[in-house]
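The values are calculated or read from the model by the stated rules, or taken from the named source; none is laboratory data. Not measured: the values here are computed from a predicted model. Every residue, glycine among them, receives a Cβ derived from its backbone with ideal geometry; neighbour counts consider all protein chains shown. Accessible surface areas use protein heavy atoms only, side chains included; no ligands, DNA or RNA. Shrake-Rupley method; radii C 1.70, N 1.55, O 1.52, S 1.80 Å.
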Amino acid sequence: MTRSNLYITLTDGRKLQCVADSSSAPEQGYIVEQLLMPLLSFGNAEQELALIGEHCCIDELRINATYRYTIDLKKKEVCFYEENYDYKTDTFKKGRDLSTRYKNYQNSLR
């Protein structure tokens, strides 16, 4: 199981952080097909928040997360990175940009 920390801006501008605990590599399909694609189609912050609550632990981040998704629902934009945790400074850092993996999987669905 691969975990991902998600940094999300809802369509109404609210920002939240959460963790997706199951199958969060894009090639595994689950996160793209069950969470990201529906989120990008809503355009309503309350619907977005309800779906996020079904699939994620809101207001949490995990130090053992492998990936980071930055999701801007206002701009309809998703970026995908490695997630790194620095134990010394107790901070999460965005790693290498892996967005092409997400985009390639998304394009394979068309």
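Miscellaneous remarks
- Long-range neighbours under 9 Å by Cβ, at least six apart or interchain, first residue under 11 Å from Gln17 (Cβ atoms) and open to solvent by less than 50 Å² (accessible area, probe 1.4 Å) within region 42-63, second of a type in the set (A, V, I, L, M) and part of a helix (DSSP H, G or I): Ile52/Leu35; Ile52/Leu39; Cys56/Leu35
- Restricting Gln106, Gln17 to residues that are assigned to a helix (DSSP H, G or I) and open to solvent by 20 Å² or more (accessible area, probe 1.4 Å) narrows the list to Gln106.
- One residue from Asp97, Asp90 being out of contact with any helix residue (DSSP H, G or I) (no Cβ under 9 Å at 6 or more places or on another chain) and either open to solvent by less than 60 Å² (accessible area, probe 1.4 Å) or under 26 Å from Ser41 (Cβ atoms) (or both): Asp97
- Selection from region 28-37 of residues that are surrounded by 14 or more Cβ atoms within 10 Å (Cβ to Cβ) and over 10 Å from the mean Cα position of the chain (by Cα): Gln28, Tyr30, Glu33, Gln34
- Meets criteria (at pLDDT 95 or above, under 21 Å from Gly95 (Cβ atoms), open to solvent by less than 70 Å² (accessible area, probe 1.4 Å) and not small (Gly, Ala, Ser)) for Arg3: no
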